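A.B. asks: Got a structure for you, written out below as structure tokens; questions coming shortly.
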Amino acid sequence: MIMIVPLSTMKPGERGVVVNILKGELARQRLTSIGIVPGATVQVLESYPWGPVIISTGGVRVAVGKGLASGVMVRKL
């Protein structure tokens, strides 16, 4: 069963492939600049209830705010 969920709801240790970004153009540009693009594999390293989601993508560790992460749709692996 394919599960597509917002990046913001994933737990530490979970991995997935970005399938879509449901945010505006500025948000898309910001996410693209840090390697979060459709087809990219991401792994959640840490997730805070009221803070950022720390992920690894392309060998780089980045922090993404919850609001931004809520618009990144990921297919769980």
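A.B. asks: Cβ under 15 Å from ALA63's Cβ, ALA63 left aside: what net charge do those residues give with Lys, Arg +1 and Asp, Glu -1?
C.D. replies: Local charge sum for ALA63: +2.
A.B. asks: So for the pair SER56, LEU26, with labels modelled 7 Å out along Cα→Cβ, what separation do we get in nm?
C.D. replies: Taking the two extended label points, one gets 3.2 nm.
A.B. asks: So, for the chain, what is the accessible surface per residue at a probe of 1.4 Å, expressed in square angstrom?
C.D. replies: On a per-residue basis, 57 Å².
A.B. asks: Computed over the Cα atoms, what is the radius of gyration of the chain divided by 2.2 N^0.38 Å, N being its residue count? Walk me through the numbers before you get to the answer.
C.D. replies: Working: Rg = 10.9 Å, N = 77, 2.2 N^0.38 = 11.5 Å.
Cα-based Rg divided by the globular estimate yields 0.95.
The values are calculated or read from the model by the stated rules, or taken from the named source; none is laboratory data. All figures in this text were calculated on a predicted structure; none of them were measured in a lab. Here Cβ is always computed from backbone atoms with ideal geometry, including for glycine, and neighbour counts include all displayed protein chains. In case anyone asks, the SASA skips ligands and DNA or RNA and just uses the protein heavy atoms, side chains included. Shrake-Rupley method; radii C 1.70, N 1.55, O 1.52, S 1.80 Å.
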